[in-house]
Amino acid sequence: MIDPLSKWLAAWKIPVGMWGKAIIDFIITYFEWFFDGLKEGLNFTVDGTTWLLLQCPPALLAIAIAGLVYYWRRSHWLALGVLAGLLFIINQGLWKETVQTLVLVLYATALSMALGVPLGIWSAHKPRVWKALQPVLDLMQTMPTFVYLIPVLILFGLGAAPALIVTIIFAMPAPVRMTYLGLTSIPKPMIEAGESFGATKRQLLWKVELPAALPSILAGLTQCIMLSLSMVVIATLIGAPSLGNPVNRALNNRNIPLGIEAGLAIVILAIILDRVLASRAGGKK
């Protein structure tokens, strides 16, 4: 039985859904040219990079990646582990999907850091900006991931571009927050020492604040990588080319072997990204 108050509230429903539709219709009507251009540019970049990588024989590319890891980290065991993981993925017939996922994750992480770190710096120096950004970041982090897909799908359609956009929206709050945290946690005597030596605001930022906040910023990079990977897999629902496709096929067809194979490929890729990129950033673990 519905009480009178609930019945009255339901009768006077606020049409937020219709308002949202009106806003999206307005954007499509007047700014479709912008979103179409952005879509074409992102699709060209992501699909072009993927195509170039797939032209190389899989085993040769796996060996090249392992060689780069050894050159960067100077660790035989890590390079061998990366090579073994990539060869296992090739053996399971999931190399193309893995390359697609890797390209999307790397582009999403790079763009998220390129946008998030400057926003974090700006917020740390302007308290009003941080107050305005906080509710936006909270919304971006707490909103269910599937909700992101609806407006992005309407504006960009299917493909790599909407997947990249939705991944950036989902992952960007991490570098913003961690950059802000790192800069606001710097001891005041350190800042005062720089000012006492006559450092300008720019010199203070580049030679004192950013080096001191670097561990926190790189922790944001670690989070950004993992968030990007998780969102790229979910974004297969809007046509993202990634390892999420075999996972979805396995779910739809109840194909347990394919699900296990795709799941292991995602885990291996996550470990490689974490150990190679994040561990390098944060120092040896």
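The values are calculated or read from the model by the stated rules, or taken from the named source; none is laboratory data. This is a predicted model, so every value here is computed, not measured. Heads up, the Cβs are rebuilt from the backbone with ideal geometry, glycines too, and the neighbour counts pull from every protein chain shown. Side chains are part of the model used for accessible areas, which takes the heavy atoms of the whole protein and leaves out ligands, DNA and RNA. Shrake-Rupley method; radii C 1.70, N 1.55, O 1.52, S 1.80 Å.
Table for the structure above
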| item | result |
| --- | --- |
| FRET efficiency for Leu115 and Asn255, using Cβ-Cβ distance with R0 set to 45 Å, rounded to 0.05 | 0.75 |
| The chain: calculated mean residue ellipticity at 222 nm from DSSP helix runs of at least 4, using -39500 (n - 2.57) | -27000 deg cm²/dmol |
| Loop sites in the stretch 1-88: chymotrypsin sites (Phe, Trp or Tyr not before Pro), DSSP, at most 10 other Cβ within 10 Å | Trp12 |
| Cut-off under 5 Å, modelled amide H: who pairs with Gly159 long-range | Gly239, Ala240 |
| Sequence of Thr49, Thr236 from largest to smallest accessible area, 1.4 Å probe | Thr49, Thr236 |
| Rounded accessible area per residue of the chain, 1.4 Å, Å² | 58 |
| Candidates Thr222, Thr200, Thr101, ranked by Gaussian network fluctuation over the chain, Cα under 10 Å, top entry | Thr200 |
| Part-to-part distance (alpha-carbon centres) for the stretch 42-70 and the stretch 122-136, which is given in Å | 39 |
| Of the trypsin sites (Lys or Arg not before Pro) in the stretch 2-102, those whose Cβ has at most 11 other Cβ within 10 Å and which sit in DSSP loop | Lys13, Arg74 |
| Stokes-Einstein D in µm²/s, Kirkwood radius over Cα pairs - the chain at 4 °C with 1.567 mPa s viscosity | 60 |
| Apportionment of accessible area to carbon and sulfur, the stretch 175-285, percent (1.4 Å) | 64 |
